[in-house]
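Input: a single structure, listed below in structure tokens.
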Amino acid sequence: MDRRKFIAASAAAAAAAAVASCGRAGGLSGAAPFTCKAGSDKMKLRYYPYELQLAHTFTVSSFSRKTTPGVQLEIDYCGHTGYGEASMPPYLGHTVNSVCSFLEKVDLSGFDGPFEMEDIMEYLDTLSSGDSPAKAAIDIALHDLLGKLLGQPLYRIWGYNPKKEKYTSYTIGIDTPEVVREKTLECAGRFRVLKVKVGLDSDEQMIRTIREVTDFPLVVDANQGWKDPHKALEEIFWLKEQGVQLVEQPLPVDMIDETAWLTEFSPLPIIADEAVQRLGDVSRLKGVYSGINIKLMKSTGLLEARKMIAAARSNAMTVMLGCMTETSCACTAVAQLSPTADFCDIDGNLLITNDLFEGVKVVDGLLRLPSGPGLGLVKKS
Ligand code: MG
């Protein structure tokens, strides 16, 4: 045997030994980790409207509301049920009708369960270019199913460490000083970071009122409410002195050059929220914003959210995870990504009074992920 043949033969023998050893140690039998009873191997979709009741009237720079329309969704497959949810804050233009009309068009019978998630999400994009909350509801339920079929929490399937618990901010909407003081006192014992909605003439008063009650770190969200970049920069310098850590969506989304200028000179990170929806937006925002706020109702769910995190990291951008007002279903879904994030603002389930699930918890201000398979949700009876 010449030297080349000897090396090739040795490598083949080593590879065969490695496979045999893996087979013994890992107990790989080739059997599926679950079995489908006859008739349960086709995914079945159900959904129903569910209006979310807010504990307090919620005011940001452009609107106020006391409820949020939503749609709850379930997918049955192989004896398991995956839970999903669409939440539609009115300013995004989606409604219960638009979500249900989209879902009526969806036929999952040709797919081999949640294992074909990439194909399913591609298929959903062929049905319409929008409808992100309806697509997110399906994506979340598919991920829940995937984990349940494999018997593991999603974060474990992805290799994320749940011990890397992240603080979540809690949102204080724009209100009178009395209400702001009351809300701040109410949540200051449970949270370590507060998110303050700004963007109206009352910004300084809001911050000063909160500072009378707590010295916790703050993040602010102007929801496009500031129009003058020079005034915005001045305000950001003042906010930094007040212990603010980042500024979300300071200027309208179409003020691209002005936002790039602001980001260049700002002493705080400038995060895109309304300006970023899906994966395709991330790379074009490099140099305009310091980071992105990913929400499942914008991204069409977890599959694309994970791609957005990868794209943001490859562009050296900060990753923030956010949510709409949602039940613990969608909030626990986005929280599965929290070990990888720089900032988390996952409090939508805490702003409502009619949550349907137990899921992610906030303990000493930190997000604690449930240990059950999939999303780890427990449906309230
Ligand atoms: Mg925002």
Put +1 on the Cβ of each Lys and Arg and -1 on the Cβ of each Asp and Glu in region 37-154; which of Pro49, Tyr123, Val99 then has its Cα farthest toward the positive end of the dipole?
Pro49
On a full-extension model of 0.36 nm per residue, what is the gain between Glu122 and Phe265, subtracting their alpha-carbon distance, rounded to one decimal in nm?
47.5 nm
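Could you calculate the FRET efficiency of Thr176 with Tyr91 from 1/(1 + (r/R0)^6), where r is the beta carbon distance between them and R0 is 25 Å, rounded to 0.05? Display every interim value, and only then the final one.
Working: r = 22 Å, r/R0 = 0.90.
My answer for the efficiency is 0.65.
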For region 169-379, radius of gyration divided by Kirkwood radius, i.e. Rg to Rh on alpha-carbons
0.96
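Where the accessible area of region 169-379 is counted over protein heavy atoms with a 1.4 Å probe, how much of it, in %, is carbon and sulfur? Each step should come with its number before you reach the end.
On the way: 3830 of 7550 Å².
The computed percentage sits at 51.
Give, as a single signed number, the net charge of other residues whose beta carbon lies under 9 Å from the beta carbon of Leu218, with Lys and Arg counted +1 and Asp and Glu -1. Mind showing how you got there, number by number?
Working: positive: Lys195, Arg211; negative: none.
With Lys, Arg at +1 and Asp, Glu at -1, the neighbours total +2.
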In degrees, nearest 10, range 0 to 90: what is the angle between the Cα axis of helix 203-213 and the longest Cα principal axis of the chain?
80
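Past 18 Å, Cα to Cα: identify those pairs from Lys164/Lys380; Lys183/Lys361; Lys148/Lys379; Lys44/Lys105; Lys44/Lys148, in the order given. Let's see the in-between values first.
Numbers: Lys164/Lys380 27 Å; Lys183/Lys361 20 Å; Lys148/Lys379 15 Å; Lys44/Lys105 13 Å; Lys44/Lys148 16 Å.
Those over the limit are Lys164/Lys380; Lys183/Lys361.
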What do you get for Rg/Rh of the chain when both radii come from the Cα atoms and Rh is the Kirkwood radius?
1.04
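How much length, in nm to one decimal, is gained on full extension between Cys36 and Gln53, taken as 0.36 nm per residue of separation minus their Cα-Cα distance?
Working: separation 17, 0.36 × 17 = 6.12 nm, distance 3.79 nm.
Value of the extension gain: 2.3 nm.
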19 Å Cα-Cα reach of Lys231 towards lysines, excluding residues that sit fewer than 8 places from it in its own chain:
Lys197, Lys240
Given the -39500 (n - 2.57) contribution per DSSP H run of 4+ residues, what per-residue ellipticity at 222 nm results for the chain, rounded to the nearest 500 deg cm²/dmol?
-11500 deg cm²/dmol
Show me the ranking of peptides 105-118, 207-220 by mean Cβ neighbours inside 10 Å, starting with the highest.
207-220, 105-118
When a/c reaches 1.5 or more, the comparison of a/b and b/c decides; with that in mind, is region 37-154 rounded, prolate or oblate per its Cα gyration tensor?
prolate
Helix 117-127 against the longest principal axis of the chain: what's the angle in degrees, Cα atoms only, rounded to the nearest 10?
60
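Give me the extension gain from Asp254 to Thr67: residue separation times 0.36 nm, minus the current Cα-Cα distance, reported in nm with one decimal. If you can, show how the numbers build up before the last one.
Values: separation 187, 0.36 × 187 = 67.32 nm, distance 2.86 nm.
64.5 nm is the gain from fully extending Asp254 to Thr67.
The values are calculated or read from the model by the stated rules, or taken from the named source; none is laboratory data. Just so it is clear, the structure is predicted and the values come from calculations on it, not from any experiment. All Cβ positions, even for glycine, are placed from backbone atoms using ideal geometry, and neighbour counts span all protein chains on display. Accessible surface areas use protein heavy atoms only, side chains included; no ligands, DNA or RNA. Shrake-Rupley method; radii C 1.70, N 1.55, O 1.52, S 1.80 Å.
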